[in-house]
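Working notes, beginning with the structure itself.
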Amino acid sequence: MYQTLRTLLSNARCWDTDSKRSYQDLFERLDTNKDGKVDVAELREGLKAMGIFRQGAAQKIVSSGDQNKDGCLDFNEFTKYLKEHEKKLWLTFKSLDKNDDGRIDSSEIQQSLAELGIGVSGEDALKILQSMDIDGTMMVDWNEWREHFLLCPAHNLEEIIRYWKHSSVLDIGDSLAIPDEFTEEEKSTGGWWKQLVAGAVAGAVSRTGTAPLDRVKVFMQVHSSKANRISLLGGFKQMIAEGGVTSLWRGNGINVLKIAPETAIKFMAYEQYKRLLSSEGAKIETHQRFLAGSLAGATAQTTIYPMEVLKTRLTLRKTGQYAGMFDCAKKILRKEGVKAFYKGYVPNSLGILPYAGIDLAVYETLKNTWLAHYATESANPGVLVLLGCGTISSTCGQLASYPLALVRTRMQAQASLEPSNQPSMSSLMKKIVAKDGVFGLYRGILPNFMKVIPAVSISYVVYEYMKSGLGISK
C-alpha cells in the first residue's frame, strides 16, 4: 500500500487541480467498509499497511480533522486536513531547502537542525536523509518529503513557532498577553531564557521611550471628568508646570523594574499549568493555552501586584511627596496598612480574561489568515506583518479590558486622593457612568492607543539587536 500512496501522490500538490482525485483515491482505499467515512481503526490499519504507522498517529489525525465531532472523517474533512497539513509541510520543506534547488541534502538538514539548537554529525544527518530518500539519489525532493510526512500528524512546526513569536517580542506596557510557546530545542539548549532576557530589555527600553504617554494616560484616568476636562496637551502642560520635563518619567523606574519578576513568574507558571491541563505536555490546544496563559498571568499579577500600586502612586505623586519607591512603600504601609498594596486587585484580575482572550484570538486569526493566503515560500511574515498583527491584536485586547483598567487605577490612587469613604469596584464603576457616562470609562484611552505603535516598534527593534548580541539564531 505504500507503493500505492507514492503513485497517488507523486504528481499532486495541495494547490494543484489534480489533488482532489488523488485524495479521493487514497480516501477510498482507506475506507475499507465503504461507508463514506474513515474512522480511527480504518486509518490505523491503513497506516500499518503503508509501513508508516506511528503510535497515536491515527487518533491525532482524526481528532485534528474531525470538524463535526462524530469520531471519523468524511471525504471533505479528510481533504481539508490533508490540504492544510500539506501546506505546512511545503513551508517546512522550503525552509530546509537552503539553496532553493528543490532538493534537500544532508548538509542542509545538518544546518537547519543546528539553527534549532540541535547539533548532529554528518553521519546522523545522512541517516535522517536516507530514511526519506526513495530513489537512492542521496537527496530528498518535494514528492519524497511529502510522501514521508503526509500522514504523519506533525504539529508545532519549529519555523512557524519561531517566526510568529508575539508576547516576548512586543511590549506595549501591559503584561496580560498569553506567553509564547518555546520549542523543545529552545528549552533544552537554553535559548528560551535568552529570548526572555531579550524581551525584558526590549520592554524596558520601550516603556522608557513611551513613559510620558503612559503618565498622561494615568493622569487623565484619575483626574479627568466632565467637570474637569483634561486634554492630551493640557495634561502634559499641567505635569510639566508642576514638576518640569523630567516629571514625565515619574513611575517609570518601578514600571521597568517589575518586568523581570513578572516575566519569570509568568513563564514558570505557564509551563506548570500547561502540564496540569494537557497530558501531552507541549502539544496543547488553543483553549488550553488560553486557560494556562490566563492562570499564569493571574499568578504573576498576584505576586507583583504591590509593585503595580507603587507604580500608580509614584506616577501621580507631587514634587517632594516621596523620596523614592522605598519611601513611598513605607508611607503607604504606615498610613494605610498592607491591604492598600492590593487595592484594585479584583478589576485587574478580571481584566486579564478579556485582554488575553481577545489578544490571542485576534492574533491567531491574523496569523492563520496570513499563513493560509500569503505563505507560499516561507512561514516568515516579515517585520511589517508581524508588527501589524501584534498592534491590532493588542489594541483589541486593550479596548475590551480598558474600563476595568481605569477602575483599577482609580482604586489604586483613591487612598491618596480620598482618604475616607472609598467605594468598591462596582460602586466606583456606577459612579463614573452616572457622572461622566459610558465614555467616562475610557478616559485616557487616546494616549494609551498613541503609545502602542511606537512601543511595539521600539521593542521589536531592540529585541532584534538583543537577539544578535546574545547569539540567538534567527
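If you go through the range 209-231 one residue at a time, how many are surrounded by 15 or more Cβ atoms within 10 Å (Cβ to Cβ) and either hydroxyl-bearing (S, T, Y) or within 18 Å of T409 (Cα to Cα) (or both)? Walk me through how you get there before you give the answer.
Filtering the range 209-231 down to residues surrounded by 15 or more Cβ atoms within 10 Å (Cβ to Cβ) leaves 209-224, 230.
In the following step, the residues that additionally are either hydroxyl-bearing (S, T, Y) or within 18 Å of T409 (Cα to Cα) (or both) were identified as 210-224, 230.
Residues in the range 209-231 being surrounded by 15 or more Cβ atoms within 10 Å (Cβ to Cβ) and either hydroxyl-bearing (S, T, Y) or within 18 Å of T409 (Cα to Cα) (or both): 16 in total.
Collect the residues in the range 358-408 that are closer than 30 Å to H223 by Cα, within 16 Å of the chain's Cα centre (by Cα) and open to solvent by 20 Å² or more (accessible area, probe 1.4 Å), keeping them in residue-number order. Full working, then the answer.
First, the residues of the range 358-408 that are closer than 30 Å to H223 by Cα: 358-359, 391-408.
Pick out the ones that are also within 16 Å of the chain's Cα centre (by Cα) and you get 358-359, 391-398.
Result: I358, T391, I392, T395, C396.
Being in contact with a Ser or Thr (Cβ under 7 Å, 6 or more places away or on another chain) and open to solvent by 40 Å² or more (accessible area, probe 1.4 Å) is the filter here; which residues of the range 320-353 pass it?
Within the range 320-353, just L353 meets the criteria.
Take residues that are of a type in the set (D, E, K, R) and tell me which of the helices (runs of 4 or more DSSP H) falling wholly in the range 220-311 contain 1 or more. Steps first, answer last, please.
Numbers: elements: 232-243, 252-257, 259-277.
In the range 220-311, 232-243, 259-277 are the helices (runs of 4 or more DSSP H) which contain 1 or more residues that are of a type in the set (D, E, K, R).
Applying the selection to the range 94-108, what residues are part of a helix (DSSP H, G or I) and under 28 Å from the mean Cα position of the chain (by Cα)? Please lay out each step first, then the result.
Within the range 94-108, the subset part of a helix (DSSP H, G or I) is 94-96, 106-108.
Hits for the range 94-108 are K94, S95, L96.
Could you list, in sequence order, the residues of the range 55-92 that are within 24 Å of N143 (Cβ to Cβ), modelled with pLDDT of 80 or more, hydrophobic (A, V, I, L, M, F, W, C) and buried (at least 20 other Cβ atoms within 10 Å of the Cβ)?
I61, L73, F78, L82
Exactly one of (1) in contact with a Pro (Cβ under 9 Å, 6 or more places away or on another chain); (2) modelled with pLDDT under 90; (3) closer than 20 Å to L291 by Cα; (4) open to solvent by 10 Å² or more (accessible area, probe 1.4 Å) is unmet by Q414. Its number?
Just one mismatch for Q414, condition (3).
Every residue in the range 197-208 that is open to solvent by 20 Å² or more (accessible area, probe 1.4 Å) and in contact with a Ser or Thr (Cβ under 8 Å, 6 or more places away or on another chain), please.
Those that are open to solvent by 20 Å² or more (accessible area, probe 1.4 Å) and in contact with a Ser or Thr (Cβ under 8 Å, 6 or more places away or on another chain): A200, V205.
Would you pick out the residues in the range 204-230 that are under 34 Å from the mean Cα position of the chain (by Cα) and of a type in the set (S, T, Y)?
S206, T208, T210, S224
Residue under question is A361, and the condition is that it be assigned to a helix (DSSP H, G or I) and either without any contact (Cβ under 8 Å) to a residue 24 or more places away in the chain or out of contact with any Pro (no Cβ under 6 Å at 6 or more places or on another chain) (or both); does it hold?
Numbers: assigned to a helix (DSSP H, G or I): yes; either without any contact (Cβ under 8 Å) to a residue 24 or more places away in the chain or out of contact with any Pro (no Cβ under 6 Å at 6 or more places or on another chain) (or both): yes.
The answer is yes for A361.
The values are calculated or read from the model by the stated rules, or taken from the named source; none is laboratory data. For clarity, every value in this text was computed on a predicted model and none was experimentally measured. All Cβ positions, glycine included, derive from the backbone under ideal geometry; neighbour counts span all protein chains shown. Accessible surface areas use protein heavy atoms only, side chains included; no ligands, DNA or RNA. Shrake-Rupley method; radii C 1.70, N 1.55, O 1.52, S 1.80 Å.
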